[in-house]
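Asker: This is the structure I have questions about; it appears just below.
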Amino acid sequence: MKNNRIILGIDPGTNIMGFGIIEIVNNKPKLVVMEAKQLYKTTTDSLEKLGLIFKETQNIIQQYAVTEVAIETPFYGKNIQSMLKLGRAQGIAIAAAIHEKITVEEYAPRKIKLSITGKGSSSKNQVSAMLEYILGFKHNGKQFDATDAVAVALCHFFQNSGISAEKKGKVKKPTKKASSSWATFIKQNPDRLKS
């Protein structure tokens, strides 16, 4: 494990913190672990939860000899209080990684979905299904905080290796010279037709 890249993906939250770890062996990702830490079961105090996020992130980094951390950025929503809580959780997780001298990259939810499925508006179910296909595991369909974290880690790998869902043949990207007509699209993509 020491010579390989170990990427920790984090889906931050003050109630549930998802994390997923992938190992890169011969430039291929392999799932190591994914879990959702249920912080609300330990304490209801918001400051204590932030302390738990710091400790959990540190422990995970040390336990799995993590070499890189990728974290999901909070999405912009209508609820300002939720945004503040997510921002704090993200900041604490980043601080823990920096404390452990690990590089951190942030990714927007849309970027993560686009990287995994080829579509930035994919549902959590679609992301989870694609992760199962790429990494070869079965998900129980309940704890999406864990699969979201794995998606962050895999997005980081794709963004830093020149591989993406598009390049893996999952999605065909139109060329610059491509015409906008349906006839040209069908001619260039005969495999997309259903009989």
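The values are calculated or read from the model by the stated rules, or taken from the named source; none is laboratory data. Please read all numbers here as calculations on a predicted model, not as lab measurements. Please note: Cβ atoms are built from the backbone with ideal geometry, for glycine as well, and neighbour counts cover all protein chains shown.
Asker: Quick one: TYR76 ticks every box in (1) assigned to a loop (DSSP other than H, G, I, E, B); (2) among the aromatic types (Phe, Trp, Tyr); (3) modelled with pLDDT of 95 or more bar one, so which box is it?
Answerer: Going through the list (1) assigned to a loop (DSSP other than H, G, I, E, B); (2) among the aromatic types (Phe, Trp, Tyr); (3) modelled with pLDDT of 95 or more, TYR76 breaks only (3).
Asker: Counting just the residues of the range 138-151 that are crowded, with 24+ Cβ neighbours inside 10 Å and touching a helix residue (DSSP H, G or I) at 6+ places or on another chain (Cβ under 6 Å), which one comes out farthest from ALA36 (Cα to Cα)?
Answerer: Filtering first and then ranking leaves ALA151.
Asker: Considering (1) farther than 16 Å from ALA108 by Cβ; (2) at pLDDT below 95; (3) assigned to a helix (DSSP H, G or I), say which one PHE54 fails and leave the rest.
Answerer: So the condition that PHE54 fails would be (2).
Asker: I've got another one for you. State which residue is farthest from ALA95 (Cα to Cα) when the search covers only the range 18-69 and only residues that are of a type in the set (Gly, Ala, Ser) and crowded, with 20+ Cβ neighbours inside 10 Å. Walk me through how you get there before you give the answer.
Answerer: The initial filter retains those residues of the range 18-69 that are of a type in the set (Gly, Ala, Ser), namely 18, 20, 36, 46, 51, 65.
Then keep just the ones that are crowded, with 20+ Cβ neighbours inside 10 Å; that gives 18, 20, 36.
On the way: GLY18: 17, GLY20: 18, ALA36: 20 Å.
So the residue we want is ALA36.
Asker: Out of everything in the range 89-137 that is farther than 16 Å from GLU68 by Cα and of a type in the set (Lys, Arg), what residue ends up being surrounded by the most Cβ atoms within 10 Å (Cβ to Cβ)?
Answerer: LYS113
Asker: Which residues, taken from the range 101-120, are more than 14 Å from the chain's Cα centre (by Cα) and either of a type in the set (A, V, I, L, M, F, W, C) or at pLDDT below 90 (or both)?
Answerer: ILE102
Asker: Only one of these conditions is not met by PRO29: (1) in contact (Cβ under 8 Å) with a residue 12 or more places away in the chain; (2) assigned to a helix (DSSP H, G or I). Which number is it?
Answerer: (2)
Asker: Ok, one more. Do we have THR43 as out of contact with any strand residue (DSSP E or B) (no Cβ under 9 Å at 6 or more places or on another chain) and not in a strand (DSSP E or B) here? Quick ask: steps written out before the conclusion?
Answerer: Details: out of contact with any strand residue (DSSP E or B) (no Cβ under 9 Å at 6 or more places or on another chain): yes; not in a strand (DSSP E or B): yes.
It is true that THR43 is out of contact with any strand residue (DSSP E or B) (no Cβ under 9 Å at 6 or more places or on another chain) and not in a strand (DSSP E or B).
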